[in-house]
1. Within the range 7-28, track down each residue that is in a loop (DSSP other than H, G, I, E, B) and either out of contact with any Leu (no Cβ under 7 Å at 6 or more places or on another chain) or loosely packed, with under 15 Cβ neighbours inside 10 Å (or both).
2. Applying the selection to the range 293-312, what residues are under 26 Å from V207 (Cα atoms) and touching a helix residue (DSSP H, G or I) at 6+ places or on another chain (Cβ under 9 Å)?
3. From the list L233, L213, which residue is crowded, with 18+ Cβ neighbours inside 10 Å, in contact (Cβ under 8 Å) with a residue 40 or more places away in the chain and in contact with a strand residue (DSSP E or B) (Cβ under 9 Å, 6 or more places away or on another chain)?
4. Anything in the range 334-365 that is at pLDDT 85 or above and of a type in the set (S, T, Y)? List them, or say none.
5. From (1) at pLDDT 75 or above; (2) open to solvent by 40 Å² or more (accessible area, probe 1.4 Å); (3) β-branched (V, I, T), pick out the condition that doesn't hold for T395.
6. List the residue pairs whose Cβ atoms are under 6 Å apart, where the first residue sits in the range 367-380 and is open to solvent by 40 Å² or more (accessible area, probe 1.4 Å), the second is among the charged types (D, E, K, R), and the two are 6 or more positions apart or on different chains.
7. I'm checking my understanding of the structure. Among residues of the range 348-361 that are farther than 17 Å from S160 by Cα and free of Cβ contacts under 8 Å to residues at least 24 places away in the same chain, which one is most open to solvent (accessible area, probe 1.4 Å)?
8. Hey, can you tell me all the residues within the range 29-45 that are surrounded by 15 or more Cβ atoms within 10 Å (Cβ to Cβ) and among the aliphatic types (A, V, I, L, M)?
Amino acid sequence: MTTKRHTGYLFKRGKIFYLEYKIDGKRIVHALRYPDQKAICRRDHAEARRREIMAPLTVADKETALRSVAQQLDVVAAERRAAEDRNAPPPLQLSDAWAAYAASANRPDSGEVTLENYASQYGRFVRWMAKTHPDLTSLRDVTAEIAGDYAGDLVKSKLSANTFNKHVRVLELVFRVLEEKAGVTKNPWRKITRKKQNPKSRRELTVDELHKLCRNAEGEMRTLFALGLYTGLRRGDCCTLRWGEVDLKRGVIIRVPNKTARGKATPVRVPIHRVLKAILEERPAGKRGEYVLPEFADKYEKHRDRVTDLIQDYFLAQGIDLHAPGTGQRIVRKADGAPVCKDGGRVATADTGKRAVVEVGFHSLRHSFVSICRDAGAPLAVVEAIVGHSNPAMTRHYTHVGEVAAGQAVAALPAFGGEVAPVLEAETGGVKALIQDAIGELDGLKAKGAVRARKVLEKAVGMV
């Protein structure tokens with residue numbers, strides 16, 4: 001049957017009737033539906049609907065006809081949107097979204113500490129929404145404009161660029177993981193511009209500061225600082241170090257760092273310095289439990305902020321400022337430079353009025369370890385292998401001979417907080433002979449790895 005311009009053409013697909021017609025050569029087809037959006041399956045009802053739709057098109061005025069078609073299309077589009085809304089998942093409330101994210105199988109496999117940080121950052125946004133938009137309660141209520149306003153609030157709070165970026169990344173991640181469940185069609189955080197970062201690294205400690213920290217520490221704090229200084233391990237790895245990872249007879253700690261445990265899980269092998277060995281041997285073998293530092297391990301697993309507070313309090317008690325000059329809290333000092341202590345022995349501090357830039361903390365011991373090893377002449381590749389920063393090529397060559405070189409690097413570290421017996425000349429002579437034998441075995445090998453390993457060993461001989 002020929003399509004008629006102003007009468008339309010009914011046809012059927014399956015059980016549903018469709019209407020087809022043309023306006024100025026443009027073919028228009030749509031299913032016929034009742035007002036409740038149910039499909040029309042009866043011909044008499046389809047015919048009535050056809051007449052209703054085509055009636056405005058029988059007028060001579062072309063402009064009126066086109067306007068009528070546009071209205072009909074708007075009605076169809078509105079009906080489609082209404083149907084989509086009826087089929088969409090129920091709104092996911094902002095207050096329920098975090099629990100949904102944590103339970104989602106699609107989220108990244110983050111560690112416990114990372115999830116705690118994410119929860120805190122997401123919680124800040126929920127509180128801000130409750131204060132500024134109390135009538136908007138679901139994830140899909142959040143528009144790009146609202147996301148921009150929240151980003152502005154983060155800026156007003158004088159957060160560092162790094163912290164600002166973390167907040168935005170977390171919100172983008174939560175919305176992305178939950179977009180299907182929450183019916184979010186566009187992620188409002190995707191176009192928020194990240195801030196340019198200027199990372200402030202922890203500084204290494206001076207020799208005087210190291211002597212002061214190690215000399216005055218007691219109990220588990222003393223062991224904790226010795227581990228940090230003589231192994232370069234991070235705070236979490238020191239707090240949760242197990243005796244099963246400490247081989248006092250071989251003089252090595254074998255540990256998979258927490259930071260990489262969820263990835264390649266490559267262990268680092270850290271030689272035990274003579275000072276650290278003496279401290280570890282103070283606890284008899286029969287009294288060693290699971291953890292080297294059971295009290296700190298318990299605090300770290302349950303209240304990590306408490307561990308940070310204890311370490312910071314100890315730094316302050318030794319008169320060591322935590323923040324960069326002119327920022328954060330500064331120590332109130334006497335005329336002779338000694339810190340002023342309040343009741344209870346807490347060090348008095350005063351606010352500088354500027355955002356805190358922390359430059360001293362437990363991580364400073366890691367920087368100090370690397371710096372002192374390098375000052376003692378340890379090859380960079382050896383130091384990187386010890387602290388876990390080496391590239392895959394160097395890691396492959398970190399064999400038994402590499403352990404010897406690493407042992408010499410750690411042995412070269414001075415004793416902080418007390419004197420210890422020097423390494424015996426006979427021991428160093430034996431180590432030197434072992435390294436020279438290894439160099440002899442590498443002679444003549446042209447492989448790039450062998451040449452590199454030979455250079456490392458030659459530098460190690462000079463350290464003995």
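The values are calculated or read from the model by the stated rules, or taken from the named source; none is laboratory data. On a predicted model such as this, the values are computed, not experimentally measured, just so you know. Cβ coordinates were reconstructed from backbone atoms using ideal geometry, including for glycine residues, and neighbour counts include every protein chain displayed. Heads up: the accessible areas ignore ligands, DNA and RNA and are worked out on the full protein's heavy atoms, side chains in. Shrake-Rupley method; radii C 1.70, N 1.55, O 1.52, S 1.80 Å.
1. Correct list: T7, G14, K15, D24, G25.
2. Answer for the range 293-312, where residues must be under 26 Å from V207 (Cα atoms) and touching a helix residue (DSSP H, G or I) at 6+ places or on another chain (Cβ under 9 Å): L293, F296, V307, T308, L310, I311.
3. L233
4. Answer for the range 334-365, where residues must be at pLDDT 85 or above and of a type in the set (S, T, Y): just S364.
5. (1)
6. H367/R202; H367/E204
7. The extreme case among them is D351.
8. Once the filter is applied, which keeps residues that are surrounded by 15 or more Cβ atoms within 10 Å (Cβ to Cβ) and among the aliphatic types (A, V, I, L, M), the range 29-45 yields L32, I40.
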